[in-house]
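Trainee: Below: one structure in C-alpha coordinates.
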Protein chains: 2
Amino acid sequence: MTGEWIGYVAAAMTTLSFVPQAVRTLRTRDTSGISLWMYVVFTVGVCCWFFYGVVLMSWPMIVSNLVTLGLSGAILAMKLRYR
Amino acid sequence: MTGEWIGYVAAAMTTLSFVPQAVRTLRTRDTSGISLWMYVVFTVGVCCWFFYGVVLMSWPMIVSNLVTLGLSGAILAMKLRYR
(Lines give C-alpha, C1' and ligand atoms only; values in the text may rest on other atoms or scores of the structure.)
Protein backbone atom coordinates (compact mmCIF):
# COMPACT_ATOMS: atom_id res chain seq x y z
CA MET A 1 0.00 0.00 0.00
CA THR A 2 1.21 3.49 -0.89
CA GLY A 3 2.49 5.35 2.14
CA GLU A 4 2.81 2.24 4.32
CA TRP A 5 6.57 2.88 4.56
CA ILE A 6 5.79 6.03 6.61
CA GLY A 7 4.14 3.76 9.19
CA TYR A 8 7.22 1.52 9.38
CA VAL A 9 9.56 4.54 9.71
CA ALA A 10 7.27 5.97 12.42
CA ALA A 11 7.16 2.68 14.37
CA ALA A 12 10.95 2.26 14.16
CA MET A 13 11.61 5.84 15.33
CA THR A 14 9.18 5.98 18.26
CA THR A 15 10.37 2.53 19.40
CA LEU A 16 14.13 3.12 19.05
CA SER A 17 13.96 6.66 20.51
CA PHE A 18 13.94 5.08 23.99
CA VAL A 19 17.38 3.48 23.38
CA PRO A 20 19.40 6.72 23.93
CA GLN A 21 17.35 7.50 27.08
CA ALA A 22 17.89 3.99 28.51
CA VAL A 23 21.63 4.09 27.69
CA ARG A 24 22.02 7.58 29.16
CA THR A 25 20.20 6.69 32.38
CA LEU A 26 22.14 3.42 32.73
CA ARG A 27 25.44 5.27 32.36
CA THR A 28 24.80 8.41 34.41
CA ARG A 29 22.21 7.04 36.89
CA ASP A 30 20.84 10.60 36.72
CA THR A 31 17.04 10.34 36.81
CA SER A 32 16.36 13.73 38.44
CA GLY A 33 14.70 15.34 35.40
CA ILE A 34 12.67 12.25 34.48
CA SER A 35 8.98 12.10 35.45
CA LEU A 36 8.07 8.90 37.34
CA TRP A 37 4.40 9.29 36.34
CA MET A 38 5.28 9.61 32.67
CA TYR A 39 7.01 6.20 32.71
CA VAL A 40 4.33 4.54 34.88
CA VAL A 41 1.50 5.67 32.54
CA PHE A 42 3.56 5.14 29.35
CA THR A 43 4.64 1.59 30.31
CA VAL A 44 1.05 0.54 31.18
CA GLY A 45 -0.08 2.18 27.90
CA VAL A 46 2.47 0.18 25.89
CA CYS A 47 1.18 -3.00 27.60
CA CYS A 48 -2.28 -2.06 26.29
CA TRP A 49 -0.86 -1.53 22.76
CA PHE A 50 0.74 -4.98 23.00
CA PHE A 51 -2.59 -6.62 23.95
CA TYR A 52 -4.38 -4.64 21.23
CA GLY A 53 -1.78 -6.02 18.77
CA VAL A 54 -2.64 -9.53 20.04
CA VAL A 55 -6.39 -8.82 19.54
CA LEU A 56 -5.66 -7.67 15.96
CA MET A 57 -3.07 -10.46 15.47
CA SER A 58 -0.72 -7.78 14.15
CA TRP A 59 2.88 -8.97 14.40
CA PRO A 60 4.42 -5.53 13.74
CA MET A 61 2.41 -4.13 16.70
CA ILE A 62 3.25 -7.11 18.92
CA VAL A 63 6.99 -7.00 18.20
CA SER A 64 7.50 -3.21 18.29
CA ASN A 65 5.49 -2.87 21.52
CA LEU A 66 7.45 -5.67 23.18
CA VAL A 67 10.69 -3.81 22.35
CA THR A 68 9.27 -0.50 23.63
CA LEU A 69 7.98 -2.26 26.75
CA GLY A 70 11.46 -3.58 27.53
CA LEU A 71 13.03 -0.13 27.08
CA SER A 72 10.43 1.94 28.97
CA GLY A 73 10.23 -0.72 31.69
CA ALA A 74 14.02 -0.53 32.13
CA ILE A 75 13.89 3.30 32.38
CA LEU A 76 11.03 3.03 34.91
CA ALA A 77 13.00 0.50 36.98
CA MET A 78 16.06 2.80 36.98
CA LYS A 79 13.89 5.79 37.97
CA LEU A 80 12.58 3.78 40.94
CA ARG A 81 16.04 2.57 41.91
CA TYR A 82 18.28 5.62 41.44
CA ARG A 83 16.43 8.34 43.27
CA MET B 1 -15.21 -4.51 17.29
CA THR B 2 -14.39 -6.59 20.37
CA GLY B 3 -11.25 -5.38 22.07
CA GLU B 4 -11.18 -2.02 20.29
CA TRP B 5 -11.50 -0.28 23.68
CA ILE B 6 -7.97 -1.57 24.53
CA GLY B 7 -6.69 0.45 21.56
CA TYR B 8 -8.41 3.61 22.80
CA VAL B 9 -7.09 3.10 26.35
CA ALA B 10 -3.59 2.49 24.92
CA ALA B 11 -3.72 5.63 22.72
CA ALA B 12 -4.97 7.78 25.61
CA MET B 13 -2.29 6.51 28.00
CA THR B 14 0.76 6.77 25.70
CA THR B 15 -0.42 10.24 24.58
CA LEU B 16 -1.25 11.65 28.02
CA SER B 17 1.84 10.14 29.68
CA PHE B 18 3.85 13.09 28.32
CA VAL B 19 1.73 15.57 30.31
CA PRO B 20 3.42 14.90 33.72
CA GLN B 21 6.86 15.08 32.05
CA ALA B 22 6.06 18.40 30.33
CA VAL B 23 4.59 19.86 33.55
CA ARG B 24 7.55 18.69 35.64
CA THR B 25 10.13 20.07 33.21
CA LEU B 26 8.23 23.38 32.91
CA ARG B 27 8.15 23.74 36.71
CA THR B 28 11.63 22.55 37.64
CA ARG B 29 13.55 23.45 34.44
CA ASP B 30 15.60 20.36 35.32
CA THR B 31 16.42 18.57 32.07
CA SER B 32 19.68 16.96 33.22
CA GLY B 33 18.42 13.36 33.18
CA ILE B 34 16.51 13.73 29.90
CA SER B 35 18.07 12.42 26.68
CA LEU B 36 18.14 15.02 23.88
CA TRP B 37 18.36 12.27 21.25
CA MET B 38 15.33 10.48 22.64
CA TYR B 39 13.18 13.58 22.12
CA VAL B 40 14.69 14.43 18.71
CA VAL B 41 14.02 10.91 17.35
CA PHE B 42 10.66 10.54 19.15
CA THR B 43 9.32 13.92 17.92
CA VAL B 44 10.29 13.17 14.30
CA GLY B 45 8.74 9.70 14.72
CA VAL B 46 5.45 11.19 15.95
CA CYS B 47 5.47 13.51 12.88
CA CYS B 48 5.69 10.34 10.76
CA TRP B 49 2.75 8.77 12.70
CA PHE B 50 0.76 11.96 12.03
CA PHE B 51 1.43 11.78 8.27
CA TYR B 52 0.66 8.04 8.29
CA GLY B 53 -2.66 8.93 9.95
CA VAL B 54 -3.29 11.42 7.11
CA VAL B 55 -2.48 8.70 4.53
CA LEU B 56 -4.96 6.34 6.23
CA MET B 57 -7.42 9.23 6.85
CA SER B 58 -7.63 8.01 10.46
CA TRP B 59 -8.87 10.81 12.71
CA PRO B 60 -7.93 9.04 15.99
CA MET B 61 -4.33 8.76 14.71
CA ILE B 62 -4.28 12.34 13.44
CA VAL B 63 -5.67 13.85 16.66
CA SER B 64 -3.70 11.76 19.17
CA ASN B 65 -0.44 12.28 17.29
CA LEU B 66 -1.01 16.04 17.10
CA VAL B 67 -1.43 16.10 20.90
CA THR B 68 1.68 13.96 21.42
CA LEU B 69 3.59 16.14 18.96
CA GLY B 70 2.74 19.27 20.97
CA LEU B 71 3.85 17.66 24.24
CA SER B 72 7.07 16.02 23.02
CA GLY B 73 7.93 19.14 21.00
CA ALA B 74 7.52 21.26 24.16
CA ILE B 75 9.79 18.90 26.16
CA LEU B 76 12.36 18.97 23.33
CA ALA B 77 12.26 22.79 23.24
CA MET B 78 12.78 22.95 27.03
CA LYS B 79 15.67 20.45 26.81
CA LEU B 80 17.32 22.69 24.20
CA ARG B 81 16.70 25.86 26.22
CA TYR B 82 17.40 24.83 29.84
CA ARG B 83 20.76 23.13 29.59
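Trainee: Need one word for segment A:41-81: rounded, prolate or oblate. Basis is the Cα gyration tensor (sqrt eigenvalues a ≥ b ≥ c); a/c below 1.5 gives rounded, then a/b vs b/c decides.
Mentor: Working: a/c = 4.70, a/b = 2.34, b/c = 2.01.
It comes out prolate by the Cα gyration axes.
Trainee: Could you give log10 I(q)/I(0) at q = 0.17 Å⁻¹ for the protein assembly as shown, computed by the Debye formula over C-alpha point scatterers of equal weight, without solvent?
Mentor: Values returned for q = 0.17 Å⁻¹ are -1.01.
Trainee: If you build a Gaussian network model of chain A, linking Cα atoms that sit under 10 Å apart, which residue out of A:Val63, A:Val46, A:Val55 swings the most?
Mentor: The residue that fluctuates most here is A:Val55.
Trainee: Could you tell me how many degrees, from 0 to 90 and to the nearest 10, lie between the Cα long axis of helix B:4-16 and the main elongation axis, the longest principal axis, of the Cα atoms of chain B?
Mentor: Helix B:4-16 sits at roughly 20 degrees to that axis.
Trainee: Treating the angle as unsigned and between 0 and 90°, give the value, to the nearest 10°, between the Cα long axis of helix B:59-81 and the longest Cα principal axis of chain B.
Mentor: The angle comes out at about 10 degrees.
Trainee: Still on this structure, I have one more. In whole angstrom, note down how far apart the Cα centers of segment A:1-20 and segment B:4-52 are.
Mentor: Between the Cα centre of segment A:1-20 and that of segment B:4-52, the gap is 15 Å.
Trainee: Just the number, please: Stokes-Einstein D of chain B in µm²/s, Kirkwood Rh from C-alpha pairs, 4 °C, 1.567 mPa s. Show your work: numbers first, answer last.
Mentor: On the way: Rh = 13.6 Å.
Roughly 95 µm²/s, to the nearest whole number.
Trainee: What's the angle, to the nearest 10 degrees (0 to 90), between helix B:18-28's Cα axis and the longest principal axis of chain B?
Mentor: The two axes meet at around 10 degrees.
Trainee: Using the Cβ atoms and a cut-off under 13 Å, what net charge is assigned to the surroundings of A:Leu26, where Lys and Arg are +1 and Asp and Glu are -1?
Mentor: Details: positive: A:Arg24, A:Arg27, A:Arg29, A:Lys79, A:Arg81; negative: A:Asp30.
With Lys, Arg at +1 and Asp, Glu at -1, the neighbours total +4.
Trainee: Another question, if that's okay. Could you work out what % of the accessible surface of the protein assembly as shown is carbon and sulfur, using a 1.4 angstrom probe and leaving DNA, RNA and ligands out of the count? Before the final figure, lay out the partial values.
Mentor: Details: 6270 of 8690 Å².
On the protein assembly as shown, the fraction of accessible area on carbon and sulfur atoms equals 72 percent.
The values are calculated or read from the model by the stated rules, or taken from the named source; none is laboratory data. Note that the structure is a prediction, hence the values are computed from the model and not measured. Here Cβ is always computed from backbone atoms with ideal geometry, including for glycine, and neighbour counts include all displayed protein chains. When the accessible area is computed, the model is the full protein with side chains, heavy atoms only, and any ligands, DNA or RNA have been set aside. Shrake-Rupley method; radii C 1.70, N 1.55, O 1.52, S 1.80 Å.
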